Each structure stands twice: as structure tokens, then as C-alpha cells.
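Asker: Structure in C-alpha cells, see below.
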Amino acid sequence: MGRPKVYVTRQIVPPWLDYLKEMCDVELNPLEDAPPRKVLLEKVKDKDALLCMLTDKIDAELFDAAPNLVVVGTHSVGFEHIDVPEATRRGIYITYTPGVLTDATADFTWALILASARRLAEGDRYVRAGKWKVGWAPTMFLGAKVSGRTLGIIGLGRIGQAVAKRAKGFDMRILYYDVIRARPEVEKEAGATFVPLEQLLKESDFVSLHVPLTNETRHMINEKTLKMMKPTAFLINTSRGAVVDEAALARALGEKWIAGAGLDVFEKEPLPMDSPLLNFENVTLAPHIASADIDARSKMSELVVKDIIAVLKGEMPKALVNPEVQKVRSLSQVRRI
Ligand code: GLV
């Protein structure tokens, strides 16, 4: 046993990189952006572990390039960028960061709900552009009421539940849809009523997405489902961009099938400057920052680092995506420290 080699694809929140360096030989991508694919494939060649981001594609090609790799820790709760079955087949442990970003993401979802309904970003642009000439007027910047309205949550997992909890303070009626109905105690705690997707879309004033990106959820918000929403309703997305068919959303906004949207995630990130979404005043845009409060991001860095070290020590990590990997290669077999 010696010092395992770890490649880290992006700077993480201090002091967690130093913590990793205490036990491992760490190589950090010096760029602000993700390492280019070629560089990533080169860098993992001699590494025992990889600390990656949701912007790094982790697939069979990468595993082929990294014969010593035993653990990949992603600094994210989403792991659709990782070919998990392929990792499991090869005995590679995959860890992620659930739980520690739940509150941050739910808080930000609410920021988008309120900002979209009450036209906050639009108002900010108005003030900065020097367009605010009339001090106050009863009809100025009229927005949509939030309190007492109906919130439709698609995906009642950890984050969906935390969004529901916050909605209680706004006296909202809470509907939810999920592929698997939540346990009665979860529904009760969330104050959320299970309804079919179509009913949720038809009755909600705010539709908020909290599903992982899978083959089933890709483009689940499309022309057909957008047309089911009320013309006064808002779509809020802090999950993954590709859950929404963005071309259909642009049509929905242009043709006023819905009232507006609050978006933190996009099919292509960064959002291309020719995206039609940039043309709409009634869309609040954010650069994929829902989990970006200092507390959550530092806990994400801590969790991913500690879990990588756990696997390298042959110990059970806290947040393992693929527990079945232990049948392929036991923790004592992956031990490097
Ligand atoms: C962010 O989008 C994450 O998956 O953590």
C-alpha cells in the first residue's frame, strides 16, 4: 500500500483538496473549465481514483484508458454523465453527493418561483437600464400571485420534498407526480397530494421539476405536456436541462401557452448566446447554480473527498451509487491505503 493517485477535474471548495492531498498524490486540472476529453483520458491512465464533475463524461472509453481506477467520486447529486452499469461491471465504485445540497437546491427553486412570478430579474434590468421614470404606479410590473396558489412538483425525492416543505409557508396547495408513489408518511410530511401527470400539469400554477435525467424523463416536458399547462402557469427547472424540450419551451413562451419560466439548467450549458430563451423577458435564467451556497458546496466537496478516501481505505463510503459493485470487487480488494 502506498499513496494512491487521484485526478481532480476542477478546483473544489477549500480545505478539501488539501485533505485529499494528505493521503493521496493529487493532480488537479488547472483550468477553470473541464479538462478537454483528450487530457482527461491521458490523465486517468495511472490513477487509482477520479474526482469528477457533472461536465465530465465517464464511460467505457475512459475506463479502458484507466486500468488502475477503482473509484470515481462525482461532485454532484446527478450522475447521468456516468455509465454506472459499465463501472459496476468493471468493479469501479461510484460515489456522489446526495443530501448535502437538498436545502440549497430547494431554496434556489423558490428563488426562481418568486423571481419568475414577481418579475424580479426583469425589474432589475429595468432599473439598471434607466427605464424607471415613474416612482410608483398601481399597474407597474404586475406579476402573478404565489401565496395560496397550486404548486405541482414532478419528482418527490429529497429535493422535491424540501420544495414542498417551503411551499407550506406560502399556504399552497401541493400536488405531486412521481413514477413511484411516495410512502404515506412522506406525502403527509410534504403535504402533497399524488395526482396523474396530466392533472398536475392542468391544475398547477407553478410546475417544478425534480427528477433525475433518465431515458424516461428526457423531454418529459415537451409540446404535448406544455400545452396541458395553464396559460397563467410557470415552469421551474432546477433538475436537468434535457428534461425539457427547449425548442418546444421556446414555442410555448412565444405563443403564450404558459406565462413564463425560471430555469437553472439547459440542454446545452453554457446556454448558447443564440438560444431563443434569451429573447423572452418572462424567463428568469440562472447559470446552473442551484446548489451553489457556500455551505452546500463545501459539504459536497467534503463528502466526495471523504468517500473517495473511504473506498481507497477499503471502507464503505457514505454515498455509493452502485452498492452491487461489491459483488464484482469487494472493498478489501480495492484497498489502496
Ligand atoms: C448539480 O446539478 C448536481 O447534480 O449536483
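Asker: Helix 102-117 versus the longest principal axis of the chain: what angle, 0 to 90°, nearest 10, using Cα atoms?
Answerer: The angle comes out at about 30 degrees.
Asker: Within 10 Å of each candidate Cβ there may be at most 16 other Cβ atoms; applying that plus a DSSP loop requirement, which chymotrypsin sites (Phe, Trp or Tyr not before Pro) in segment 82-162 survive? Present the calculation step by step, with values, prior to reporting the outcome.
Answerer: On the way: sites: Tyr93, Tyr96, Phe108, Trp110, Tyr126, Trp132, Trp136, Phe141; in loops: Tyr96, Trp132, Trp136, Phe141.
Answer by residue number: Trp132, Trp136, Phe141.
Asker: Quick one: how many Å² of Asp107 are accessible to a 1.4 Å probe, rounded to 10?
Answerer: Accessible surface of Asp107 is approximately 80 Å².
Asker: Taking all pairs of distinct Cα atoms, average 1/r, flip it, and tell me the Kirkwood hydrodynamic radius of the chain in Å to one decimal place. The partial results should precede the final answer.
Answerer: Details: mean 1/r = 0.0466 Å⁻¹.
About 21.4 Å, per the Kirkwood formula over Cα pairs.
Asker: I've got another one for you. I need the Kirkwood Rh of segment 144-248: take the reciprocal of the average 1/r across all distinct C-alpha pairs and report it in angstrom. Let's see the in-between values first.
Answerer: Numbers: mean 1/r = 0.0737 Å⁻¹.
Final number for the Kirkwood radius of segment 144-248 is 13.6 Å.
Asker: For His288, what accessible surface area do you get with a 1.4 Å probe? Give it in Å², rounded to 10.
Answerer: Looks like 50 Å² after rounding.
Asker: How far, in degrees from 0 to 90, does helix 158-168 lean away from the longest principal axis of the Cα atoms of the chain, to the nearest 10?
Answerer: 30 degrees
Asker: Next question, about the same structure. As I understand it, the value is the acute angle between the Cα axis of helix 294-312 and the longest principal axis of the Cα atoms of the chain; what does it come to in degrees, rounded to 10?
Answerer: 30 degrees
Asker: Further question: Determine the sum of side-chain charges near Lys145: Lys and Arg each +1, Asp and Glu each -1, restricted to other residues whose C-beta is under 15 angstrom from that of Lys145. Before the final figure, lay out the partial values.
Answerer: Numbers: positive: Arg118, Arg119, Arg149, Arg173, Lys230; negative: Asp171, Asp205.
Summing Lys/Arg as +1 and Asp/Glu as -1 gives +3.
Asker: A follow-up question, please. Using alpha carbon centroids, what distance separates segment 168-224 and segment 65-98, in Å?
Answerer: Cα centroid of segment 168-224 versus Cα centroid of segment 65-98: 29 Å apart.
Asker: May I pose another question? Could you put Lys306, Lys224 in order of accessible surface area, largest first, with the 1.4 Å probe and the full protein assembly present?
Answerer: Values: Lys306 80, Lys224 145 Å².
Of Lys306, Lys224, the descending order of accessible area is Lys224, Lys306.
Asker: Counting only helical runs of four or more DSSP H residues, what would the 222 nm mean residue ellipticity of the chain come to if each run contributes -39,500 (n - 2.57) and the total is spread over all its residues?
Answerer: On the way: 14 runs with 119 residues, N = 337.
After summing the helix terms and dividing by residue count, I get -9500 deg cm²/dmol.
Asker: Give, to the nearest whole percent, the P(r) tail of segment 23-139 beyond 18 angstrom, counting all Cα pairs.
Answerer: Working: 4328 of 6786 pairs.
So the pairs more than 18 Å apart make up 64 percent of the total in segment 23-139.
Asker: How much accessible surface does Glu80 have with a 1.4 Å probe, in Å² rounded to 10?
Answerer: Using a 1.4 Å probe on the heavy atoms, I get roughly 70 Å².
Asker: How long are the three semi-axes of the equivalent ellipsoid for segment 102-285, computed from the Cα gyration tensor as the root of 5 times each eigenvalue, in whole Å, largest first?
Answerer: Details: eigenvalues 142, 77, 42 Å².
Working from the Cα gyration tensor, I get semi-axes of 27, 20, 15 Å.
Asker: Cross-chain or 8 or more residues apart, Cα under 13 Å: how many lysine pairs in segment 102-285 fit that? Count them up, please. Can you show the working numbers first?
Answerer: Values: Lys165/Lys188; Lys168/Lys188; Lys202/Lys224; Lys202/Lys227; Lys202/Lys230; Lys227/Lys256; Lys230/Lys256.
Lysine pairs, 8 or more places apart or on different chains, close enough: 7.
The values are calculated or read from the model by the stated rules, or taken from the named source; none is laboratory data. Everything numeric in this text was worked out from a predicted model, so none of it was measured. Virtual Cβ from ideal backbone geometry, glycine too; neighbours counted across all protein chains shown. Surface areas here come from the heavy atoms of the whole protein model, side chains and all, with no ligands, DNA or RNA. Shrake-Rupley method; radii C 1.70, N 1.55, O 1.52, S 1.80 Å.
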